[in-house]
Amino acid sequence: MRKNGFLNAGLLVLAGCTLAEKPELALACQTRACTCLPEKAGYPLKAEPAPVQWRSNGDAYCKEGYVLRLVEK
């Protein structure tokens with residue numbers, strides 16, 4: 001019983017670590033809708049988005065001063 005408790009606790013710690021990681025948006029944008037927003041957008045966030053650009057290897061990127069963001073549904 002005690003081994004299962006330690007195993008479960010270890011799995012929960014590992015799951016928490018993976019959830020805290022920042023997603024790799026350059027790859028995620030290949031299958032999900034993304035946009036480019038200014039890095040320093042003031043409040044309220046009514047910044048004009050820029051189109052996503054694509055590298056020859058399929059990775060998404062933004063022009064300088066913009067960052068990739070997933071489009072909310």
Label points 7 Å out from Cα along the Cβ direction at K40 and L70: separation in nm?
-> 2.8 nm
Taking H as built 1.01 Å from N, whose amide H comes closer than 5 Å to the amide H of V52, not counting residues under 5 places away?
-> C36
For the stretch 25-34, in order, what is each residue's ³J(HN,Hα) by Karplus, 6.51 cos²θ - 1.76 cosθ + 1.60 with θ = phi - 60°, in whole Hz (x at glycine and Pro)?
-> 5, 4, 8, 4, 5, 5, 10, 10, 6, 10
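FYI, it's all coordinate maths here, none of it is from the lab. Predicted, not measured: the structure shown is a model, and the values here were computed from it. Note: ideal-geometry Cβ built from the backbone for every residue, glycine included; neighbour counts use all protein chains shown.
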